[in-house]
Amino acid sequence: MERLFLTLGALSGAIGVGAGAFGAHALRARLEPRMLEVFETGARYQMYHALALIAAAWIAGRWPGTWSTASGWLFLAGTLFFSGSLYAMALTGVRALGAITPIGGVCFIAGWLCLALAARTG
């Protein structure tokens, strides 16, 4: 799990930087300010949780187990649901996609709690 989560975290970080740059440069003139803000929120949270996924990789290497594995998968799912739904909503204008975003937020919270349990019980 350590190498997988580290790889996925690094790739997610690269995508997050690319998304941030895309938002700042290519989308600024194309999206209304509110939707640009939504897109930028997705990129920001993707970057935070790319780092969290790297932390999960470190914890999985140090204290392997159910909690560290769960934290990594939850951070990945959170990124897909939270950031992914915000990117899709900003780019398509379909505001109903915002209903998916809280699922990602719950995954993020659960991921952090699992990471804490992994560190505590490891």
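The values are calculated or read from the model by the stated rules, or taken from the named source; none is laboratory data. Given the structure is predicted, the values throughout are model-derived calculations rather than measurements. Every residue, glycine among them, receives a Cβ derived from its backbone with ideal geometry; neighbour counts consider all protein chains shown.
Of the residues Phe39, Phe22, Phe75, Phe81, only one is closer than 24 Å to Ala96 by Cβ, of a type outside the set (Ser, Thr, Tyr) and under 10 Å from the mean Cα position of the chain (by Cα); which?
Every option except Phe81 fails the conditions.
Which residues, taken from the stretch 38-76, are out of contact with any Asp or Glu (no Cβ under 6 Å at 6 or more places or on another chain), over 30 Å from Ala24 (Cα atoms) and crowded, with 20+ Cβ neighbours inside 10 Å? Break it down into steps so the answer makes sense when it comes.
Filtering the stretch 38-76 for residues out of contact with any Asp or Glu (no Cβ under 6 Å at 6 or more places or on another chain) gives 38-56, 58-59, 62-76.
In the following step, the residues that additionally are over 30 Å from Ala24 (Cα atoms) were identified as 58-59, 62-71.
Hits for the stretch 38-76 are Ile59, Trp67, Ser68, Ser71.
Would you point out the residue of the stretch 28-48, among those that are part of a helix (DSSP H, G or I) and of a type in the set (Lys, Arg), that is modelled with the lowest pLDDT?
Filtering the stretch 28-48 for residues part of a helix (DSSP H, G or I) gives 33-48.
From the residues that got through so far, the ones that are of a type in the set (Lys, Arg) too are 34, 44.
On the way: Arg34: 95, Arg44: 98.
So the residue we want is Arg34.
Could you count how many residues in the stretch 84-117 are without any contact (Cβ under 8 Å) to a residue 60 or more places away in the chain and closer than 30 Å to Arg62 by Cβ?
Of the residues in the stretch 84-117, 12 are without any contact (Cβ under 8 Å) to a residue 60 or more places away in the chain and closer than 30 Å to Arg62 by Cβ.
Restricting to the stretch 60-75, and then to whatever is of a type in the set (A, V, I, L, M) and in contact with a Phe, Trp or Tyr (Cβ under 8 Å, 6 or more places away or on another chain), can you tell me which residue is modelled with the lowest pLDDT? Walk me through it before giving the result.
Step one: list which residues in the stretch 60-75 are of a type in the set (A, V, I, L, M), which gives 60, 70, 74.
Imposing the further condition that a residue be in contact with a Phe, Trp or Tyr (Cβ under 8 Å, 6 or more places away or on another chain) reduces the set to 60, 74.
Numbers: Ala60: 95, Leu74: 98.
Selected residue: Ala60.
Which pairs turn up if I take residues in the stretch 1-18 that are without any contact (Cβ under 8 Å) to a residue 24 or more places away in the chain and look for partners that are of a type in the set (D, E, K, R) and not in a helix (DSSP H, G or I) with beta carbon separation below 6 Å, at least 6 apart in sequence or on another chain?
none
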